[in-house]
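The values are calculated or read from the model by the stated rules, or taken from the named source; none is laboratory data. Predicted, not measured: the structure shown is a model, and the values here were computed from it. When we count neighbours, we look across all protein chains shown, and the Cβ atoms used for this are built from the backbone with ideal geometry, even at glycine. What goes into the accessible areas is simple: the full protein's heavy atoms, side chains included, and nothing from ligands, DNA or RNA. Shrake-Rupley method; radii C 1.70, N 1.55, O 1.52, S 1.80 Å.
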Amino acid sequence: MADARAKTLARIHRVRTLQLGLTRADEARAHDKAASEQALSTRITGLAAAVAPVEQTAVAVSLGASAHYRERLQHSADAAVERVRSAEYQVARATDATRAAQRDQSAVEKLIARAQADAALKELRALEEAPSVRTIRHDPC
């Protein structure tokens, strides 16, 4: 019975360890995606600043083209901000999932430690209750 319980706990511990590794990997991917989305947003902002009209540009065609590109870049910037928000939300979800997996794994580890302590106590009690094996012999030496 105790051996079956130990095997079950060991199997659960392996599964929880795998789940924890997967959730940590998901969290790392979410952090990477958030960083790349933030970098993209920063690049788009830089491009929008580069397309902004300068005092030297006085040609109407050039101003019209700048306005067109600024409008397109503004749409891209809005989409990038939304992607950054989504990526940050995914990071938060992945972090929560990692915490939950860590809690699950530590709970299983505590169960394993408790089962080992119970087994050790059971063995100690069995040794205490066992009859003495020392016999005194009184025959001639």
Scanning segment 93-119 residue by residue, those open to solvent by 50 Å² or more (accessible area, probe 1.4 Å) and over 25 Å from Lys7 (Cβ atoms) turn out to be Arg93, Asp96, Arg99
Can you tell me which of (1) at pLDDT below 80; (2) charged (D, E, K, R); (3) assigned to a helix (DSSP H, G or I) is the one Glu55 doesn't meet?
(3)
Output the number of residues of segment 1-33 satisfying the condition of being surrounded by 13 or more Cβ atoms within 10 Å (Cβ to Cβ) and of a type in the set (Asp, Glu).
2
Under 9 Å between Cβ atoms, which residue pairs at least 6 apart in sequence (or on different chains) link something in segment 66-80 that is farther than 9 Å from Val51 by Cβ with a partner that is open to solvent by less than 50 Å² (accessible area, probe 1.4 Å) and not hydrophobic (A, V, I, L, M, F, W, C)?
Ala77/Ser41; Ala80/Glu37; Ala80/Ser41
May I ask you to list pairs of residues, at least six apart or on different chains, whose Cβ atoms are under 7 Å apart, with the first in segment 112-141 being modelled with pLDDT of 85 or more and the second being assigned to a helix (DSSP H, G or I) and open to solvent by 100 Å² or more (accessible area, probe 1.4 Å)?
Ala115/Arg5
Taking the criterion of being within 26 Å of Ala48 (Cβ to Cβ), part of a helix (DSSP H, G or I) and under 29 Å from the mean Cα position of the chain (by Cα), would at least one residue in segment 100-121 satisfy it?
no
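Going residue by residue through segment 11-34, is there one that turns out to be among the β-branched types (Val, Ile, Thr), free of Cβ contacts under 8 Å to residues at least 24 places away in the same chain and in a helix (DSSP H, G or I)? Spell out how you get there, then give the answer.
If we filter segment 11-34 for residues that are among the β-branched types (Val, Ile, Thr), which is where we start, we get 12, 15, 17, 23.
Imposing the further condition that a residue be free of Cβ contacts under 8 Å to residues at least 24 places away in the same chain reduces the set to 15.
If we keep only those that are in a helix (DSSP H, G or I) too, we end up with 15.
There is at least one residue in segment 11-34 that is among the β-branched types (Val, Ile, Thr), free of Cβ contacts under 8 Å to residues at least 24 places away in the same chain and in a helix (DSSP H, G or I).
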